[in-house]
């Protein structure tokens, strides 16, 4: 899977608001997700594939451009 590119400002906003990232549909969620979370439910696809924004960055699912 290719990493999703976000800006540094987007990363800060996502991190500050506890936004999650769905590894399946690759959307950002608005539900409160812990930074190192894994296995939360996605609001879009309803699968348990959401991880915290920091976790997504660490694992290479998103990168800062």
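Annotations
- The chain, helix-only ellipticity at 222 nm - DSSP H runs n ≥ 4, -39,500 (n - 2.57), divided by all residues, nearest 500: -6000 deg cm²/dmol
- Given R0 = 22 Å, the distance between the Cβ atoms of residue 1 and residue 36 translates into a calculated FRET efficiency of 0.65.
- Contact order normalised by residue count of the chain, Cα under 8 Å, 6+ apart, percent: 38
- Of the peptides 3-14, 48-59, 22-33, the order by per-residue mean of other Cβ atoms within 10 Å, starting with the highest, comes out as 48-59, 22-33, 3-14.
FYI, it's all coordinate maths here, none of it is from the lab. Since the model is a prediction, treat every value here as computed from it, not as a measurement. Counting neighbours? That spans all protein chains shown, and the Cβs are built from the backbone with ideal geometry, glycine included.
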